[in-house]
Structures are given as structure tokens and as C-alpha cells.
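The values are calculated or read from the model by the stated rules, or taken from the named source; none is laboratory data. Just so it is clear, the model here is predicted, and its values are computed rather than measured. Methodologically, a virtual Cβ is constructed for each residue, glycine included, from the backbone with ideal geometry; neighbour enumeration extends over all protein chains shown. Protein only, heavy atoms only, side chains kept; ligands, DNA and RNA dropped before computing areas. Shrake-Rupley method; radii C 1.70, N 1.55, O 1.52, S 1.80 Å.
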Amino acid sequence: MTGSRSIVFTNVAEGAQRSAAPRPGLTGCPWHDVKAMLRDVGLRPTRQRMALGWILFGKGDRHITAEMLYEEATKAKVPVSLATIYNTLHQFTDVGLLRQVAVDGSKTYFDTNNSQHHHFFVEGENALLDIPDTDVIVGKTPIPPEGYEITRVDVVVRLRRKGR
Ligand SMILES: [Zn+2]
């Protein structure tokens, strides 16, 4: 696993393109899909959850903060408070629809791609990019303390532009 580490860093020059392919098993109709998605995880498809789910999941995989979602919801004329946005994001995270990525104490991103992967964070640009190949980062998993098990490993690799 070690020795292939440089492969990761070639990706960022390409802009680390993320695929916008729809999730498998979805019909392609975002409204219908969001309803099915919420029902699958046992959340009642309320009007607000439907609207926010549609904004979140209707555009392929992406990383979004509560503030960004609030802005998009406001633009889409979805009447919703920032507190509701936070609640909904955490509910979606609790049931596994989203993954939370804490970049630092003040910045939390929610990832619509809930599969196991790590991230680049571009400092100064607040951009979060996927690192698709998990094995490249975590070569050796530490042994957890007695009585605990590892749920997952999140790695954020920080970047800055060269020559600035
Ligand atoms: Zn991601």
C-alpha cells in the first residue's frame, strides 16, 4: 500500500473531477427518488425534508455546508430557517444519507457521497475534493483501545496552491 502514495497527488492537478452519476437504483426523477430515499431510512418525507433532500441530492455528489444549503434553499424559495437546515442535515447524517466531514473547528461539510473516501481540503479556497482511493491513505489501521471498535477513518489532506 505504501509506495503508491504519489498517485493521489496527480489527481489534484486534474481538478479531482467528481462524477455526477446518479446513485444506483434511482429512477432519475429527483422528487420521486428523494421520497423513496427518505422512506428507506425511516424518515417521514415532510415538505421541508423533501425540498432540502431535492436540493442536496439532485445534483450528483457534492460537499455542502449548512450555510451553502441555506443560501440555495433561499434562492429556490424554500421557506426554511438555518436552524431547520442544521437539524435536517444532522438527521440525514444520523440515518446515513450524508457523511459529515469536519475540516476544522468552524467548518463542517456534509457529503452526499456516503461511501468510504477521504478528502483534500484547499486552504484559502474552502474547497473540499474527494480522494477516491482510500487504501492509498490508510495503510495501517491503529488498534483501538479495549472495548472499542473503529467505525471509520476520515483523512483530510490539506493543500495550498504553489507559488503564492
Ligand atoms: Zn467527499
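Assorted remarks:
- Ranked packing of 49-60, 120-131, 95-106, most packed first, by mean Cβ within 10 Å: 49-60, 120-131, 95-106
- Ordering 37, 68 by accessible surface, largest first, gives 68, 37; the 1.4 Å probe counts only protein heavy atoms, with every chain in place.
- Cut-off under 5 Å, modelled amide H: who pairs with residue 62 long-range: 112, 113
- Partner aspartates and glutamates for residue 162 [C-alpha distance under 16 Å; skip if fewer than 8 residues away on the same chain]: 14, 123, 125
- Derived scalar couplings ³J(HN,Hα) [the stretch 153-161; Karplus, 6.51 cos²θ - 1.76 cosθ + 1.60; whole Hz; x for Gly, Pro]: 10, 10, 10, 10, 9, 8, 10, 9, 5
- Computed E for residue 116/residue 47 - FRET, C-beta separation, R0 35 angstrom, nearest 0.05: 0.60
- Once the chain from residue 35 to residue 152 is taken as fully extended at 0.36 nm per residue, the excess over their C-alpha distance is 39.3 nm.
- Our estimate of slack between residue 93 and residue 76, defined as 0.36 nm per intervening residue step minus the Cα-Cα distance, is 3.9 nm.
- Amide H contacts of residue 157 (H built 1.01 Å from N, under 5 Å, at least 5 apart or other chain): 119, 120, 121
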